[in-house]
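What follows is a set of notes on a single structure, which appears directly below.
The values are calculated or read from the model by the stated rules, or taken from the named source; none is laboratory data. Keep in mind the model is a prediction, meaning the values are calculated, not measured. No Cβ is skipped: glycine too gets one built from the backbone with ideal geometry, and neighbour counts run over all protein chains shown. In case anyone asks, the SASA skips ligands and DNA or RNA and just uses the protein heavy atoms, side chains included. Shrake-Rupley method; radii C 1.70, N 1.55, O 1.52, S 1.80 Å.
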Amino acid sequence: GALRLHPKSISETVDLLTQLFITSPDEKVQLKLEPGEFGEKSEIIYRGATRQAVAAALTACVPYVGVTSKVAREQVTKLFEFFIAHGFKDRNDYAWNTVLEAALAYIERYGQKHIEAVLPML
């Protein structure tokens, strides 16, 4: 894909993806009342499809994070800060599971090399 052609854009790509995840809100929708019911009903609908897609895209970025060891360390640290602060708190099961898959992919690829940066966060 595009990252293979432009590997130096990985930092910006990861930043944009994490911001998209954070800013993809759940929706509060007005429910139609049944005949004979009074008042208003509203319910929060958890729309995790966008966040699930973002998590899958973050997984696809795994091979490109390690352009240099300094960049990889910074990116892995930022990603785990994101996973802990936002990804693992997602209420949508599909999005949460995809975030977990992404985090595990980063641990598998970079965990041993950057354990001293990631371990204190966990």
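Of all residues in the stretch 14-62, those that are modelled with pLDDT under 90 and loosely packed, with under 13 Cβ neighbours inside 10 Å total 21. Filtering the stretch 8-27 to residues that are among the small types (Gly, Ala, Ser) and closer than 22 Å to LYS89 by Cα leaves only SER24. For the stretch 75-121, the set of residues classified as part of a helix (DSSP H, G or I), open to solvent by 20 Å² or more (accessible area, probe 1.4 Å) and either in contact (Cβ under 8 Å) with a residue 60 or more places away in the chain or of a type in the set (A, V, I, L, M, F, W, C) (or both) consists of LYS78, ILE84, ALA85, PHE88, TRP96, LEU100, LEU104, ALA105, ILE107, ILE115, LEU119, MET121, listed by residue number.
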